[in-house]
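Trainee: Below you will find the structure I want to go over with you.
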Amino acid sequence: MRKFFQAIVNNPKKILISFLMLTLIGAGLQSMVAVNYDITDYLPEDTASTVSLKTMEEEFDGGIPNARVMVRDVTIPQALEYKEKIENCQGVSNVTWLDDVADILQPIATMDADTVDTYYKDNAALFTVTIEDGKQVEAVDAIREVVGDDNALTGDAVSTAVATTGTVNEVTKIAIFAVIFIFIMLILTTTSWVEPVLVMIGLGVTVMINSGSNLIFKEISFVTNAAGAILLIAVSLDYSVFLIHRFEECLEENPDPKEAMVDALCKSTSSILSSGLTTVIGFLALLFMQFEIGPDLGRVLAKGVAISLITVFVFMPDLILVAQPWLEKSKHRSFLPSFKGFGRLVYRIMIPLVCVFVVVITPSYLASNANDYYYGASHIYGAETQLGQDTAAIEDLYGKSDTYVAMVPRGDLATEHKLSDELHDIPQVKSILSYVDTVGAEIPMEYLDANTLSKLESDHYSRFVITVDADYEGKDTFKLVENIRNTINKYYPDSYYLAGSGVSTYDLMDTITADTVKVNLIAIGAIFLVLLLTMKSISLPVILVLAIETAVWINVAIPYFQGSTVFYISYLIISSIQLGATVDYAILFTDRYTEYRQHMAKKESVIETVSSVTSSVMTSGTVLAVVGFLLGKLSSHGILAQLGYFLGFGSLLSLFIVLFVLPGLLYLLDGLIQRSTLHLNFYKPNKEEIVK
């Protein structure tokens, strides 16, 4: 390694120019990376709803209705005009209204009341709209221009459009605030005015190269786009700071800057790599999720941390050497106080806090697994947003509604009629649009115009468009999906297809809940193995993982005690990210404790360890927390906001446990740690010191 690092410091121009070029290329490429805001696109390809959607796209031109548009104060002729205008909007493939299921030339009073109330009530017309995938923004903007701001739009397509336009501005705002805060924290916690600038340059290079290299994935999810860059900055902040501090220490022993840098790199490689490796593992655990948003975020962040480590070991040494004269000239006194007094405080209260910690482990674990969850996208925008208000307005008048589309093998009209009758008997089914319902089994298909027939029949399948009185997700919705699937399967065993928002959310729930135990066990097991190999101890990995994992359990148990509902995606992602990103604090604390214990008694080791590491872990933990809270506060997207709050509270909880509980655990288990760790010889005080 020494030869490699000597080659690095001896070729500063080549390396600095190379990284500058990579940064510029990354900045140029990042705008070419597509962002996907549709949650259901990340379902596994073999789920029933995904297979159904693909088959329907092959058989029929029109997709599944994914938006509802309500226009107030209109007559039936005016509603028909609005329908035509909406149909002509770019990205709209189909619009369904009352005229598609009933003869509107006859008086309304003679029509079926339930059918009319599904589409026209209190002089308000409700249109069921199908918007093409990938054209949500254009279509929603065009529809909004047709109907005006006084009318209402809702549905998955509208939610995707709002997320696409809104998240970009929010991400920019979050990034600006995060960078400003990180810069201020670096000024407070470093002893040179130039050091924060160097660290921010290193972070900027890492983020730009990582963002541009995301082009290899063709597209990334909205979660990755919103949280990826600021998460990467927060978790890799320490690497450059640690290298600079090591360099300054080595410079005191060796006045030759290049040799001092090589010494610093050799001495810091092990600690930086082990810290980076545990973080990477936390992210890589997400690759084992079936729900593809997890792997999407995991591979981008794991790649980012790897690029960060390369940047620290290759780019930063030459940047620091070039700026070394300015580092020396801009030295200032530390703005942080000595933490000796804080160390003594921790020593006095750590044992009672360990007792509290032991008591809360079990209830926090149980509560963390007892939350109520949202699985899909139907609740991501709150009542304070326009989408939330539009959704409430439509549901107040027409109730909750969703549209499922079923496809059954074509040819047996008698069986289709029986199926339709039984589906109508399901209380939540409001209406069905199919050949046997709309035209009638007694009318030959040859008498229909091709356009009407193509919406109901393909070469191989008959289509049933089922409007249901149900939310997009929830226990009642999931029971309804099972009921409809069982009903269709009775007539067409394993030969039908069913799709729709509620159906996709059901499969989403089924998929990501199966991921939970697997992802968590992989993350815990892999980090435990890394700690086992690097620390050469059986007890220390257990202590560290239990400490941070308890912080995770407490974090995700908070919504349970608040009585609020959790977005399952946020819950699943934070479980891996918090463990991988904050276990570093525990590693740093434990390394310092075992170092001090080789020449100090337990009490002094605890006090000295707290005093020496508090500044480092507080900087990292506070930055991660503030980044999380910024994401939570500034994002209107419910999943991103909740992920941000989880990250914020989780970082503070991990920080609290490392600074207040872990010292007590190490103190109480001191003997066990020594016996179960290789090549660890703790200091043994003499009789006089024990009495004292």
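Trainee: Return a yes/no flag: does segment 648-669 have any residue that is small (Gly, Ala, Ser) and modelled with pLDDT under 90.
Mentor: Checked segment 648-669: no residue is small (Gly, Ala, Ser) and modelled with pLDDT under 90.
Trainee: Please specify each residue of segment 568-595 satisfying the condition of being open to solvent by 10 Å² or more (accessible area, probe 1.4 Å), β-branched (Val, Ile, Thr) and touching a helix residue (DSSP H, G or I) at 6+ places or on another chain (Cβ under 7 Å).
Mentor: ILE587
Trainee: Assuming ASP372 fulfils every condition listed in (1) open to solvent by less than 70 Å² (accessible area, probe 1.4 Å); (2) in contact (Cβ under 8 Å) with a residue 24 or more places away in the chain apart from one, which condition is it?
Mentor: (1)
Trainee: Only one of ALA450, ALA414 is small (Gly, Ala, Ser) and either modelled with pLDDT of 85 or more or in contact with a helix residue (DSSP H, G or I) (Cβ under 6 Å, 6 or more places away or on another chain) (or both). Can you tell me which?
Mentor: Answer to the selection: ALA414.
Trainee: Which residue out of HIS679, HIS637 is buried (at least 24 other Cβ atoms within 10 Å of the Cβ) and modelled with pLDDT under 90?
Mentor: That would be HIS637, the only listed residue that is buried (at least 24 other Cβ atoms within 10 Å of the Cβ) and modelled with pLDDT under 90.
Trainee: If you take just the helices (runs of 4 or more DSSP H) that sit entirely in segment 586-692, which of them hold at least 2 residues that are of a type outside the set (Asp, Glu) and within 23 Å of MET185 (Cβ to Cβ)?
Mentor: 602-634, 638-656
Trainee: Quick one: which of LEU215, LEU251 is among the aliphatic types (A, V, I, L, M), modelled with pLDDT of 85 or more and more than 30 Å from LEU634 (Cβ to Cβ)?
Mentor: LEU251
Trainee: I'm told VAL146 meets every condition in (1) open to solvent by 50 Å² or more (accessible area, probe 1.4 Å); (2) touching a Cys at 6+ places or on another chain (Cβ under 9 Å); (3) aliphatic (A, V, I, L, M) except one. Can you identify the failing condition by its number?
Mentor: (1)
Trainee: For segment 484-508, enumerate the residues that are hydroxyl-bearing (Ser, Thr, Tyr) and crowded, with 24+ Cβ neighbours inside 10 Å.
Mentor: Answer for segment 484-508, where residues must be hydroxyl-bearing (Ser, Thr, Tyr) and crowded, with 24+ Cβ neighbours inside 10 Å: SER501, SER504, THR505, TYR506.
Trainee: Follow-up question, since we're still on this one. Looking only at segment 94-108, filter to residues that are among the β-branched types (Val, Ile, Thr) and at pLDDT 80 or above; which one of those is nearest to LYS430 (Cα to Cα)?
Mentor: THR96
Trainee: Moving to a separate point now. Grab the helices (runs of 4 or more DSSP H) fully contained in segment 448-566, keeping just those with 3 or more residues being among the aromatic types (Phe, Trp, Tyr). Can you show your working first?
Mentor: On the way: elements: 450-456, 475-491, 501-535, 539-562.
Ranges flagged: 539-562.
Trainee: Another question, if that's okay. If the requirement is being open to solvent by 30 Å² or more (accessible area, probe 1.4 Å), more than 23 Å from ILE201 (Cα to Cα) and under 37 Å from the mean Cα position of the chain (by Cα), which of these qualifies: PHE339, PHE335? Spell out the reasoning first.
Mentor: Working: PHE335 fails: more than 23 Å from ILE201 (Cα to Cα).
Going through PHE339, PHE335 in turn, the sole match is PHE339.
Trainee: Can you find, within segment 231-245, the residue that is modelled with the highest pLDDT among those that are farther than 20 Å from ALA323 by Cβ and either open to solvent by less than 10 Å² (accessible area, probe 1.4 Å) or not in a helix (DSSP H, G or I) (or both)?
Mentor: Checked segment 231-245; the qualifying residue modelled with the highest pLDDT is LEU232.
Trainee: How about segment 332-356: which of its residues are within 22 Å of LEU668 (Cβ to Cβ) and in contact with a Leu (Cβ under 8 Å, 6 or more places away or on another chain)?
Mentor: Result: VAL346, ILE351, VAL354.
Trainee: Oh, and also: What are the residues in segment 178-219 that are touching a strand residue (DSSP E or B) at 6+ places or on another chain (Cβ under 6 Å) and either among the small types (Gly, Ala, Ser) or open to solvent by less than 20 Å² (accessible area, probe 1.4 Å) (or both), if any?
Mentor: Within segment 178-219, SER192, ASN214 meet the criteria.
Trainee: Consider ASP38 carefully, then state whether it is surrounded by 16 or more Cβ atoms within 10 Å (Cβ to Cβ) and among the acidic types (Asp, Glu).
Mentor: So ASP38 passes the test.
Trainee: Take the residues in segment 387-411 that are in contact with a strand residue (DSSP E or B) (Cβ under 9 Å, 6 or more places away or on another chain) and acidic (Asp, Glu); name whichever of them is nearest to LYS479 (Cα to Cα).
Mentor: Looking at residues that are in contact with a strand residue (DSSP E or B) (Cβ under 9 Å, 6 or more places away or on another chain) and acidic (Asp, Glu), I get ASP402.
Trainee: If you go through segment 292-345 one residue at a time, how many are under 30 Å from ASP510 (Cα atoms) and of a type outside the set (Lys, Arg)?
Mentor: Our first condition is that a residue be under 30 Å from ASP510 (Cα atoms); within segment 292-345, this holds for 292-303.
Pick out the ones that are also of a type outside the set (Lys, Arg) and you get 292-298, 300-302.
Qualifying residue count for the region: 10.
Trainee: Still on this structure, please answer the following. For segment 73-90, does any single residue satisfy the condition of being open to solvent by less than 60 Å² (accessible area, probe 1.4 Å), part of a helix (DSSP H, G or I) and polar (S, T, N, Q)?
Mentor: The answer is no, given that none of the residues of segment 73-90 is open to solvent by less than 60 Å² (accessible area, probe 1.4 Å), part of a helix (DSSP H, G or I) and polar (S, T, N, Q).
Trainee: Go through segment 246-269 and report how many residues are under 35 Å from the mean Cα position of the chain (by Cα) and either open to solvent by less than 10 Å² (accessible area, probe 1.4 Å) or without any contact (Cβ under 8 Å) to a residue 12 or more places away in the chain (or both).
Mentor: 2
Trainee: Would it be correct to say that GLN598 is open to solvent by 40 Å² or more (accessible area, probe 1.4 Å), on the phi < 0 side of the Ramachandran plot and not hydroxyl-bearing (Ser, Thr, Tyr)?
Mentor: Working: open to solvent by 40 Å² or more (accessible area, probe 1.4 Å): yes; on the phi < 0 side of the Ramachandran plot: yes; not hydroxyl-bearing (Ser, Thr, Tyr): yes.
Criteria met by GLN598.
Trainee: Turning to a different aspect of this structure: Kindly provide the set of residues from segment 81-121 that are of a type in the set (Asp, Glu) and touching a strand residue (DSSP E or B) at 6+ places or on another chain (Cβ under 6 Å), ordered by number. Can you show your working first?
Mentor: If we filter segment 81-121 for residues that are of a type in the set (Asp, Glu), which is where we start, we get 81, 84, 87, 99-100, 103, 112, 114, 117.
Hit for segment 81-121 is GLU87, nothing else.
Trainee: Here's a follow-up. Exactly one condition in (1) over 24 Å from PHE478 (Cα atoms); (2) surrounded by 19 or more Cβ atoms within 10 Å (Cβ to Cβ) is not met by GLU384; state its number.
Mentor: Result: GLU384 fails condition (2) only.
Trainee: Same structure again: Could you please find all residues in segment 211-223 being among the hydroxyl-bearing types (Ser, Thr, Tyr) and in contact with a Phe, Trp or Tyr (Cβ under 9 Å, 6 or more places away or on another chain)? Full working, then the answer.
Mentor: Within segment 211-223, the first condition is being among the hydroxyl-bearing types (Ser, Thr, Tyr), and the residues that meet it are 211, 213, 221.
Matches in segment 211-223: SER221 only.
Trainee: Next question. Sort out which residues of segment 646-658 are within 14 Å of the chain's Cα centre (by Cα) and either surrounded by fewer than 21 Cβ atoms within 10 Å (Cβ to Cβ) or closer than 14 Å to MET618 by Cα (or both), and write them in order of number.
Mentor: Within segment 646-658, GLY648 is the sole residue that qualifies.
Trainee: Could you give every pair whose Cβ atoms fall below 6 Å, whose first residue belongs to segment 523-542 and is closer than 20 Å to LEU286 by Cβ, and whose second residue is hydroxyl-bearing (Ser, Thr, Tyr) and outside any strand (DSSP E or B), counting only separations of at least 6 or pairs across chains?
Mentor: Final answer for the pair search is ALA523/SER576; ILE527/THR278; VAL530/THR278.
Trainee: Run GLY166 past the list (1) in a helix (DSSP H, G or I); (2) open to solvent by 60 Å² or more (accessible area, probe 1.4 Å) and report the number of the one that doesn't hold.
Mentor: If we test GLY166 against (1) in a helix (DSSP H, G or I); (2) open to solvent by 60 Å² or more (accessible area, probe 1.4 Å), just (2) comes out false.
Trainee: Between SER501, SER495, which is under 24 Å from the mean Cα position of the chain (by Cα) and polar (S, T, N, Q)?
Mentor: SER501
Trainee: With respect to the numbered conditions (1) at pLDDT 90 or above; (2) surrounded by 19 or more Cβ atoms within 10 Å (Cβ to Cβ), which one is the sole condition not fulfilled by ALA323?
Mentor: Only one criterion is unmet by ALA323, namely (2).
Trainee: Considering segment 173-224 alone, what residues qualify as being in a loop (DSSP other than H, G, I, E, B) and touching a helix residue (DSSP H, G or I) at 6+ places or on another chain (Cβ under 9 Å)?
Mentor: THR190, THR191, TRP193, VAL194, listed by residue number.
The values are calculated or read from the model by the stated rules, or taken from the named source; none is laboratory data. Keep in mind that what you see is a predicted model, and the values were worked out from it rather than measured. Note that each Cβ is placed from the backbone with ideal geometry, even for glycine, and that neighbours are counted across all protein chains shown. Please note that ligands, DNA and RNA were not included when accessible areas were found on the heavy atoms of the full protein model with its side chains. Shrake-Rupley method; radii C 1.70, N 1.55, O 1.52, S 1.80 Å.
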